[in-house]
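Since every read-out is calculated from the coordinates, none of them should be taken as a lab result. On a predicted model such as this, the values are computed, not experimentally measured, just so you know. Virtual Cβ from ideal backbone geometry, glycine too; neighbours counted across all protein chains shown.
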Amino acid sequence: MLRLLFLGDIIGEPGRKAVIEMVPRLRQRWGIDFVVANGENAAAGRGITGRITIDLLRAGVAVITSGDHIWDQKEVNSYIQTEPRLLRPINYPLGTPGKGSIVLETAKGKVGVINVQGRTFMQPSLENPFHHIEEEVRRMRAETHVIFVDVHAETTSEKIALGRFLDGKVSAVAGTHTHVQTADDQIFPGGTAFICDAGMCGPDESVLGREILPIIQRFVTSMPASFPVAKGGVTIHGILVDIETATGHAKAIRRVAEPHAPDPVALEERSSALGEEGPPAFHPRKAGVEVIPDG
Ligand SMILES: [Fe+2]
Ligand SMILES: [Fe+2]
């Protein structure tokens, strides 16, 4: 059995800090074999840099997926060609820098990761994700049946359709981009684990990771504004999936919503309270606004 942790969109410095501090501890505590995280908002909410990629890889993230924000930082155009563990959506036109998939060796065999972007209400509109992924999954299954897919898309319909399309062909399909964890985690009849959105790793008191008041102002006034990453307490959201390595079938999926506990002692106490069962499906975060963002 291979236990995979997937973490949704990492938002700016608060999200990075939480992921970098928590991944090593969670790996040890929950016996995680392989970590994938979406890094498309890791650089102040917009894209990712080489430095940040290295920091996340060093913390134990094996593969970093992305989405529509992948090109926000100029340096990534060339950097992505030097780092195959940083993925961009696979359904870009031929000749686009970087790759949309990777297969890595692990102690428990090969693990494949594919990043694909939806087309409904998404900019830029890429090539047909269903065509691209079907081809890539066929290729990858010649090497391994343990395959994780990050589908970066806006609509639940497109994500569910893609998950159902891949049922029995990949181990797990998890959605990203909407930054809000959905409660539809399940295993489809063919053995593919699925969730519409894994949720984000970012500030709790926010609108999708950004300061609250500028976003409200934008909706109230329709005027352009800047949207800084929010401050305060962070929760890392994602899923844990147990995968049978011989077949690639998912045997269990569990939602992860772990408040960032910078104090190792506090985390240790919380974790040991979980016992052998691993993380509970949901942690209510503590009440109260820690930081009220100024406009
Ligand atoms: Fe995002
Ligand atoms: Fe996105």
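Structure notes:
- Tabulated pairs, segment 1-20, first touching a residue at least 60 places away in the same chain (Cβ under 8 Å) and assigned to a helix (DSSP H, G or I), second more than 16 Å from ligand 2 (Cβ to nearest atom) and among the basic types (Lys, Arg), C-beta under 7 angstrom, 6+ apart or interchain: Pro14/Lys231
- Criterion applied to Ile215, Ile160, Ile195, Ile187 was being surrounded by 24 or more Cβ atoms within 10 Å (Cβ to Cβ) and of a type in the set (A, V, I, L, M, F, W, C), and the one residue passing it is Ile195.
- Qualifying positions in segment 21-42 - small (Gly, Ala, Ser), away from ligand 1 (no atom under 11 Å from the Cβ) and either part of a helix (DSSP H, G or I) or surrounded by 24 or more Cβ atoms within 10 Å (Cβ to Cβ) (or both): Ala37
- All conditions but one from (1) over 25 Å from Gln123 (Cα atoms); (2) more than 16 Å from ligand 1 (Cβ to nearest atom); (3) under 18 Å from the mean Cα position of the chain (by Cα) apply to Val234; the one that does not is (2).
- Evaluation of Arg88 against the conditions (1) in contact (Cβ under 8 Å) with a residue 12 or more places away in the chain; (2) of a type in the set (D, E, K, R); (3) more than 16 Å from ligand 2 (Cβ to nearest atom) shows that the sole unmet condition is (3).
- Of residues in segment 62-77 being within 16 Å of ligand 1 (Cβ to nearest atom) and in contact (Cβ under 8 Å) with a residue 40 or more places away in the chain, the one surrounded by the fewest Cβ atoms within 10 Å (Cβ to Cβ): Asp68
- Residue check for Glu136: touching a residue at least 24 places away in the same chain (Cβ under 8 Å), closer than 22 Å to Arg119 by Cα and over 17 Å from the mean Cα position of the chain (by Cα): yes
Matching residues to (1) touching a strand residue (DSSP E or B) at 6+ places or on another chain (Cβ under 8 Å); (2) under 26 Å from Glu134 (Cα atoms); (3) within 16 Å of ligand 2 (Cβ to nearest atom):
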| residue | (1), (2), (3) |
| --- | --- |
| Leu4 | yes, yes, no |
| Ile20 | no, no, no |
| Ala43 | no, no, yes |
| Leu56 | yes, no, no |
| Gly60 | yes, no, no |
| Lys74 | no, no, no |
| Pro93 | no, yes, no |
| Thr96 | no, yes, no |
